[in-house]
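Below you'll find the structure, written out as structure tokens, and then a few comments.
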Amino acid sequence: MAYIAVQSDPVSLSGSGVAFAVAGGVFSGIGSISYYAALQRGNTAIATTVTALYFVVAAVLGVLFLGDSVDLQDLAGIGLAIGAVALLAT
């Protein structure tokens with residue numbers, strides 16, 4: 001809110017922008033609640049490592065919706081990160 005207050009340009013609210021903001025807030029809330037539930041029920045090392053894999057979701061969404069390209073190095077990094085979670089889970 002402070003950032004908006006100091007801007008000289010007028011605030012413009014579009015339907016899609018508001019919808020994305022609301023969806024982002026809802027999913028952020030669900031993620032936070034899920035994280036704390038995982039901390040209570042499971043191993044902290046696994047829960048923390050799984051939440052650190054948010055970039056995998058961002059990469060998949062970028063490929064699906066934005067047309068980003070993924071090269072072999074990106075796939076290797078994602079695979080190693082998933083492998084780390086698998087190793088921690090055992």
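The values are calculated or read from the model by the stated rules, or taken from the named source; none is laboratory data. Everything numeric in this text was worked out from a predicted model, so none of it was measured. Just the protein is used for accessible areas: all its heavy atoms, side chains included, with ligands, DNA and RNA removed. Shrake-Rupley method; radii C 1.70, N 1.55, O 1.52, S 1.80 Å.
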With a 1.4 Å probe and every protein chain left in place, work out the accessible area per residue of the stretch 1-74 in Å², rounded to a whole number. 82
Per-residue [θ]222 nm for the chain (sum of -39500 (n - 2.57) over DSSP H runs n ≥ 4, rounded to 500): -25500 deg cm²/dmol
